[in-house]
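K.L.:
Before I ask anything, here is the structure I am working with.
The values are calculated or read from the model by the stated rules, or taken from the named source; none is laboratory data. Source: prediction; values computed, not measured. Areas reflect the complete protein model, heavy atoms only, side chains present, ligands, DNA and RNA absent. Shrake-Rupley method; radii C 1.70, N 1.55, O 1.52, S 1.80 Å.
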Amino acid sequence: TFQFIAFLSSSLQREELLEGYGATAMAGAGFFQTISTRSAGLQIFDLNHLNQGMHIIYILMMYLSAAPFVSRMYVSEQALDSDGRSVPTVSSVHAAKARFQSQYLFRHLSFLLFAFLLLAFIHDPRAYKYYVLQPFPILFELVSAYGNVGLSLGVPGKNFSLCGAFSVLGKLIIICAMLLGKHRGLPAHTDL
């Protein structure tokens, strides 16, 4: 709901978004866009025409979309022992929280920070001549790749996403982020 309210309050006065839409159609399209951002990456409006605050909200939603669910899932995760019986992999809620903090708040976030710094150094405007890549769109692309969402701010005048303008090393970093996000240690079985 917060994302939808932020979308409406920041977008209803933008002329480039209202062209061809009425306020009611725009509200409906905005609702669809806010519920599909975290999982499908489907967009009706060009992200470059949205308020830059919406980009920050999208980044947070893409990163945090699985985190609360995953932290609850660790409590009920089970494995099979040598006799074929189900045994819990964590003994308590405290152990599940510690595992979650270790995995996501340290390992994954530190990888994303390192990848972001590396991408920023690789695509410095003075060293990389193909396209001027600003830090914020790079961060948006990286978090979208980690969340396996598929959103991109794109390259103006081109028909490919922003990572299409990355160097080969930059594309490999994006692939690693996608793999890390895809295989983020989700449990094999839950009782939810």
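K.L.:
Whole-Hz ³J(HN,Hα) for each residue in region 19-25, computed from phi via Karplus 6.51 cos²θ - 1.76 cosθ + 1.60 with θ = phi - 60°, x for glycine and proline: what do you get?
P.N.:
4, x, 10, x, 5, 5, 5
K.L.:
Sort 14, 107 by accessible area with a 1.4 Å probe, largest first. Kindly include the intermediate steps, with their values, before the conclusion.
P.N.:
Working: 14 65, 107 135 Å².
Result of the area sort, largest leading: 107, 14.
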